[in-house]
Amino acid sequence: MKVLIHGFYGAGNAGDDAILHVIINQLQSINKNVEVTVVIRSKQLKPYYGTANVNYILGLNFEEITKVLKESSLLIVGGGGLFQDYNESHPENLFHNQEGALNYYLAPIILAKMLNVKTMLYGVGIGPLSQEDSLKTMKWIADIVDAITVRDQDSFQILNSLGITKHVLSADPALQLRADCSNKDDIIPKDKRLKIGLNLRNWSYDKNNEQRFENILISTLNEMTDRLNPRYFIFPFNKLPSEIKKANELSQRLKGSVEVLNYNSSPASYKCICGQLDVMIAMRLHASIFSISEGVPSIGISYDQKVRQFYEEFGFDQYCLDLSNISRRLFKSLLDKTLKSREQYKSLMPKKKAEWSSREKNNQLTLMELLEGTEGE
């Protein structure tokens with residue numbers, strides 16, 4: 001059996017790499033002889049850290065994509081927040097320049113359906129879709145694919161509003177990634193000092209509020225350093241030079257013990273480090289997912305509705321703040337509350353994790369149903 005996977009892979013993002021690892025594991029559990037090819041953004045950045053033999057194609061090489069599809073049983077598009085229109089998508093760029101996320105993920109779907117290849121949207125996030133043309137495009141995509149699992153209620157409701165009925169509510173695949181603590185370099189020395197993880201990201205769609213929050217964060221933490229003397233660990237979660245630069249700049253503005261932990265290993269190893277923290281403060285969704293799924297209380301900074309949606313769905317909404325509406329008083333109050341109620345926060349996690357796992361299994365169940373009868377191919 002041959003499968004082509006298309007998503008935002010080979011871009012140096014720990015969350016996306018985690019999703020790819022889980023999807024490939026799921027495929028291997030269904031068919032140990034599966035042959036996987038992954039569409040990637042760059043050949044310079046490693047997208048997969050597992051043991052499976054994986055082939056790669058650059059995202060704009062439609063000749064190679066078509067060639068692989070002709071031999072494949074399935075195209076998987078996902079997971080992650082792929083279908084959104086922060087950047088406009090114009091039809092004339094569908095197979096040229098590929099401007100806009102909708103174009104990038106739609107192109108191989110069209111090729112697959114032309115070749116009568118089954119197609120699945122796997123654990124995807126949908127939205128925001130603010131333009132009428134984007135909604136029409138999303139409806140068309142959802143109509144022609146064979147199966148859809150979505151990772152959150154907002155995505156589920158968007159498809160409902162478009163008249164789609166085939167979709168199944170699941171959860172983010174990265175929730176199932178197992179932390180790998182076999183590398184001694186990933187172990188944080190144990191002491192009594194608080195260990196606080198930090199993850200910021202560049203967000204060009206709301207630069208003013210991003211900068212405002214960064215200033216609030218720094219002033220609040222520097223004050224806390226004088227009182228509690230914690231250790232800070234900064235997680236860029238992305239290999240982009242701009243993200244690493246932001247992490248380094250943050251480390252220079254913070255007082256006390258600060259260490260930047262660049263994403264240089266596997267997502268499973270990165271998740272292991274997250275699991276050794278006392279608290280994580282995170283903008284990126286997968287920084288929250290890595291931490292919470294490892295039993296670490298986390299404060300989410302919602303720059304995109306997907307972050308708040310994650311916290312709300314699993315009963316942690318009080319631990320999430322909206323980027324556009326954060327005051328110093330509000331952030332300090334939540335940070336103090338989180339630090340004081342860490343054990344209470346942790347006590348809720350086993351039940352929540354069971355709920356996540358139950359929902360996430362819908363990704364695998366849908367995949368198994370779609371591939372029924374193809375195991376011998």
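Highest-first packing order for the peptide set 311-321, 347-357, 272-282 is 272-282, 311-321, 347-357, based on the mean count of other beta carbon atoms within 10 Å. Summarised in one figure, the compactness ratio Rg/Rh of the range 209-268, Cα atoms and Kirkwood Rh, is 1.00.
Return the tail of the calculated pair distribution for the range 48-99, meaning the percent of Cα-Cα pairs more than 19 Å apart. Result for the distance tail: 46 percent. Surface listing: 140, 203 arranged by accessible area from highest to lowest gives 140, 203, probe 1.4 Å. The residues of the chain present an accessible area of 42 Å² per residue when probed at 1.4 Å with all protein chains retained.
Taking all pairs of distinct Cα atoms, average 1/r, flip it, and tell me the Kirkwood hydrodynamic radius of the range 108-187 in Å to one decimal place.
14.4
Across the range 75-80, computed HN-Hα scalar couplings (Karplus, 6.51 cos²θ - 1.76 cosθ + 1.60, θ = phi - 60°) run 10, 9, 10, x, x, x Hz from first to last residue, x flagging Gly and Pro.
Cysteine residues of the chain whose Cβ has no partner cysteine Cβ closer than 4.7 Å: 274, 320.
Hydrophobic long helices, here whole DSSP H runs in the chain with Kyte-Doolittle means of at least 0.0 and Cα atoms spread over 20 Å or more along the helix axis, are found at 14-30, 101-114.
Sorting the Cα pairs of the range 239-278 by distance into bins of 5 Å, from 0 upward, gives 5, 21, 23, 25, 21, 5 percent per bin.
In this structure, the residue pairs whose Cα-Cα separation is over 28 Å, taken from 239/340; 192/332; 337/361; 195/332; 271/351; 136/306, are 239/340; 337/361. Report for the range 59-213 the percent antiparallel among DSSP-assigned beta bridges with both residues inside it, nearest 5. In the range 59-213, approximately 0 percent of DSSP beta bridges are antiparallel ones. For residue 352, a cut-off of 16 angstrom between C-alpha atoms picks up these aspartates and glutamates, skipping any fewer than 8 places away in its own chain: 152, 172, 294, 312, 313, 317, 343, 360. Among 154, 17, 133, the order of accessible area from largest down is 133, 154, 17, computed with a 1.4 Å probe on protein heavy atoms. When a 1.4 Å probe is rolled over the protein heavy atoms, the share of accessible surface on the chain that falls to carbon and sulfur comes to 47 percent. Summed over qualifying helices (DSSP H, 4 residues or more, each -39500 (n - 2.57)) and divided by its residue number, the chain shows a 222 nm mean residue ellipticity of -14000 deg cm²/dmol.
Among 148, 30, 244, the residue with the largest mean-square fluctuation in a Gaussian network model of the chain, with springs joining Cα atoms closer than 10 Å, is 30.
Of the residues 189, 219, 199, the one whose Cα sits farthest toward the positive end of the charge dipole of the range 176-247, with +1 on the Cβ of Lys and Arg and -1 on the Cβ of Asp and Glu, is 189.
Dipole size in debye (nearest 20) for the range 67-140 around its Cα centre, Lys and Arg Cβ +1, Asp and Glu Cβ -1? The calculated dipole for the range 67-140 is roughly 460 debye. Here the spin labels are modelled as points 7 Å beyond Cα on the Cα-Cβ line, and at residue 88 and residue 328 they lie 4.1 nm apart. Proximity of backbone amide H atoms, modeled 1.01 Å from N, is registered between residue 58 and 40 at under 5 Å, excluding neighbours fewer than 5 places apart on the same chain. The three principal axes of the C-alpha atoms in the range 278-350 carry coordinate ranges of 31, 24, 17 Å, sorted with the longest axis first.
Here each label is just a point 7 Å from Cα along the line to Cβ, and for residue 337 and residue 43 those points are 5.2 nm apart.
Taking 0.36 nm per residue of sequence separation and removing the Cα-Cα distance, the residue 185/residue 169 pair yields an extension gain of 2.0 nm. Counting Cα-Cα pairs of the range 190-325 in 10 Å increments starting at 0 gives whole-percent bin shares of 12, 45, 38, 5. With 20 Å bins beginning at zero, the pair-distance distribution over Cα atoms of the chain amounts to 29, 58, 13, 0 %.
Could you tell me which of 323, 95, 6 has its Cα farthest along the dipole of the chain towards the positive end, charges placed at Cβ (Lys, Arg +1; Asp, Glu -1), taken about the Cα centre? Result: 323, furthest along the dipole toward the positive end.
The values are calculated or read from the model by the stated rules, or taken from the named source; none is laboratory data. Note that the coordinates shown come from a computational prediction; the quantities given were computed from them, not determined experimentally. Because the Cβ atoms are built from the backbone with ideal geometry, glycine has one as well, and the counts that use them run over all protein chains shown. Calculation scope for accessible area: heavy atoms of the full protein, side chains included, ligands and nucleic acids excluded. Shrake-Rupley method; radii C 1.70, N 1.55, O 1.52, S 1.80 Å.
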